[in-house]
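Have a look at the structure below, then the notes.
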Amino acid sequence: MKIAEIRQIPANELAERIEAEVAKYNHMVLNHSISPLENPAQIKAVRRDIAKMKTVLRELNK
């Protein structure tokens, strides 16, 4: 997900998306520890998306 796309999301919806992405990330990490994912780079991409969303949310709350 690109920053420009994230900036278009309203703050309240962004907070909900962050919670959903964190749950998805935790689920992916758990599944990867049990049996390897086909593409483990997805974990890194989700983690970075979460960081981007948190950054934009922090900017909106200033």
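Tabulated data
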{"quantity": "Entirely in the chain, the helices (runs of 4 or more DSSP H) that have 1 or more residues that are charged (D, E, K, R) and touching a Phe, Trp or Tyr at 6+ places or on another chain (Cβ under 9 Å)", "calculated": "41-60"}
{"quantity": "The range 10-40, residues that are under 17 Å from Asn61 (Cα atoms), free of Cβ contacts under 8 Å to residues at least 40 places away in the same chain and surrounded by 13 or more Cβ atoms within 10 Å (Cβ to Cβ)", "calculated": "Arg17, Ile18"}
{"quantity": "Considering residues of the range 41-62 that are closer than 13 Å to Ile9 by Cα, more than 8 Å from the chain's Cα centre (by Cα) and hydrophobic (A, V, I, L, M, F, W, C) only, the residue surrounded by the most Cβ atoms within 10 Å (Cβ to Cβ)", "calculated": "Val56"}
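Since every read-out is calculated from the coordinates, none of them should be taken as a lab result. Here the structure is a predicted model, which is why all the values come from computation and not from measurement. Every residue, glycine as well, gets a Cβ built from its backbone with ideal geometry; the counts of neighbours run over all protein chains shown.
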